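The structure under discussion is supplied below as structure tokens; questions concerning it will follow.
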Amino acid sequence: MAILITGIGELTTNDPELGTLREAAVVLDGDRVAWVGPAWRAPAVDERVDVEGRAVLPGWVDSHTHLVFAGDRTAEFEARMAGNPYQAGGIAVTVEATRAASDDELAANLRRHLAEALRQGTTCVETKTGYGLTVADELRAARIARGLVDEVTFLGAHLNTGPGYLDLVCGEMLDAVAAEVRWADVFCENGAFDGPESERVLRAALDRGLGLRVHGNQLGPGPGVQLAVRLGAASVDHCTHLTDADVDALAGSSTVATLLPACDLSTRQPLAPARRLLDAGATVALATNANPGSSYTTSMGFCVATAVLQMGMSVDEAVWAATAGGARALRREDVGVLRPGARADLHVLDAPSATHLAYRPGVPLTWAVWQRGERT
């Protein structure tokens, strides 16, 4: 049954031909967008929903999360807020709790966080393994995620647990999970995997037909960005500490710079240089990095507001980065955009324009959400 969403005050389509429309309407037919245009030209349909002048944008595309986990790291957060530095090794706390949890407990926790994100307008989610770090635990994380999220990434290379672990990741572990995931990632950072180790992981993933993602340049300058660009990774995430050569490499490539401002704030790192990347011509995405240790939030709205208020991005740039930018980071064309044929994912704000996302930071502005054509 087709549904007409009408009375739209401001419609952000992210389509270069349609642009941003005023007094617009959208027709949903099943799980797809069937028509977009001025409200006065809208076709007759079975059902009509008047949003009474509210703003509509594509659902958020959160292209970087770690949501298959158990346990709590409140004590680590409190210590960090008291001045202790963030270190990659905190992952081990979550690994222990995740291994001890049942499949049902992990799936229930994942569903809870996905529902929380959906209530805030997030309609497409990527999530990673990486809190199991054994063949069996990484495989079950991948299977649990595959049944519940849009995109699944293997992150066995999250923490180097000791001698022989790299061989395990690049061999038996990748062989076990390859059929369950679309992507492979590596934490290319001091305290995790260095440049040559990271390249070995990524090349092993390529050999198994997986797309590439990289955690890079979070805790300091490093080889992550250059490695990601050289190997054609879809995205390199964090990008907190960049050299001019890193910025130039991203600007000259199809690799998306995915920025994670909530993580930067939580770990008391500098905010990623969004303005510098955009001015150079790099493609930028925004994501939550939702995880229990360094960024425990599912709020894409918070990330957008932070990007505008503290990172030099305009509202239009930040909204694009959190929708179409996330889709680019996942190499998808069916989400993050509202045009005929796209997935019917709509986020209706209780505000007349998307500017209110930054103008009224912290205020819950989601009025309604459609995901795959269903109002949630």
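What is the pair-distance distribution P(r) of the stretch 80-206, computed from all Cα-Cα distances in 10 Å bins starting at 0, with each bin given as a whole percent?
Here the calculated profile for the stretch 80-206 is 13, 41, 34, 12, 0.
Using a 7 Å offset from the Cα along the Cα-to-Cβ direction at both residue 111 and residue 136, what is the distance between the two label points in nm, to one decimal?
Result: 2.5 nm between the two label points.
What translational D, rounded to a whole number of µm²/s, comes out for the chain from Stokes-Einstein when the hydrodynamic radius is the Kirkwood one over Cα pairs, at 25 °C and 0.890 mPa s?
118
Still on this structure, I have one more. If we count every other residue with Cβ under 15 angstrom of residue 302's Cβ, Lys/Arg +1 and Asp/Glu -1, where does the sum land?
Net local charge, residue 302 excluded: -1.
To the nearest 20 debye, what charge dipole does the stretch 3-148 have about its Cα centre, counting +1 at the Cβ of each Lys and Arg and -1 at the Cβ of each Asp and Glu?
Dipole magnitude for the stretch 3-148 comes out near 180 debye.
Kindly list the residues of the stretch 125-155 that lie in the label zone of residue 103, defined by a backbone N under 16 Å from the point 7 Å along the Cα-to-C-beta vector.
Correct set: 135-149.
Continuing with this model, one more query. Taking the Cα centre of the chain as origin, sum charge times position over the Cβ atoms of Lys and Arg (+1) and Asp and Glu (-1), and report the length of that vector in debye to the nearest 20.
My answer is approximately 320 debye.
Further, regarding this structure: Using Cα-Cα distances under 8 Å and only pairs 6 or more residues apart, what relative contact order does the stretch 60-329 have, in percent?
Values: 591 pairs, mean separation 50.2, N = 270.
Relative contact order, the stretch 60-329: 19 percent.
Roughly speaking, what is the centre-to-centre gap between the stretch 312-376 and the stretch 118-197 when only Cα atoms are used, to the nearest Å?
27
Step through the residues of the stretch 50-59 one at a time and calculate ³J(HN,Hα) from phi using the Karplus curve (6.51 cos²θ - 1.76 cosθ + 1.60, θ = phi - 60°), rounding each to whole Hz and writing x for Gly and Pro.
For the stretch 50-59, the Karplus curve yields 9, 8, 6, x, 6, 7, 10, 9, x, x Hz.
Which residue, 295, 198, 253, has the most motion in a Gaussian network model of the chain that connects Cα atoms within less than 10 Å?
Its mean-square fluctuation being the largest, the pick is 253.
Can I ask one more? Please work out the FRET efficiency for the pair residue 78 and residue 1, using the Cβ-Cβ distance as r and a Förster radius of 56 Å; give the result to the nearest 0.05.
Step by step, r from the Cβ atoms, then E = 0.65.
Okay, moving on. Which ³J(HN,Hα) values in Hz, rounded to whole numbers, follow from the phi angles of the stretch 13-22 under the Karplus curve 6.51 cos²θ - 1.76 cosθ + 1.60, where θ = phi - 60° and Gly and Pro get x?
Working through the residues one at a time gives 9, 6, 8, x, 7, 7, x, 9, 10, 10 Hz.
Another question, if that's okay. Restricting attention to the stretch 257-317, which trypsin sites (Lys or Arg not before Pro) occupy a DSSP loop and are surrounded by at most 16 other Cβ atoms within 10 Å?
268
If amide H atoms are built 1.01 Å from N in the plane of the peptide, which residues on other chains or at least 5 residues away come under 5 Å of the amide H of residue 351?
Residues meeting the criterion, in which the H sits 1.01 Å from N, are 55.
Only Cα pairs under 8 Å and at least 6 apart count here; give the relative contact order of the stretch 207-343 as a rounded whole percent.
18
If you take the charge dipole of the chain about its Cα centre, with +1 on Lys and Arg Cβ and -1 on Asp and Glu Cβ, which of 250, 132, 40 is farthest toward its positive end?
40
Ok, one more. With an 8 Å Cα cut-off and a minimum separation of 6 or more residues, compute the relative contact order for the stretch 16-161 in percent.
Reported as a whole number, the value is 23 percent.
With θ set to phi - 60°, apply the Karplus curve 6.51 cos²θ - 1.76 cosθ + 1.60 along the stretch 335-348 and write out the HN-Hα couplings as whole Hz, x wherever there is a Gly or Pro.
Calculated HN-Hα couplings, in order: 10, x, 8, 10, 8, x, x, 6, 5, 7, 10, 10, 10, 9 Hz.
Every number here is computed from the coordinates shown, using simple stated rules; none is lab data. All of these numbers come straight from a predicted model, not from anything done at the bench. Backbone-built Cβ (ideal geometry, glycine too); neighbour counts: all protein chains shown.
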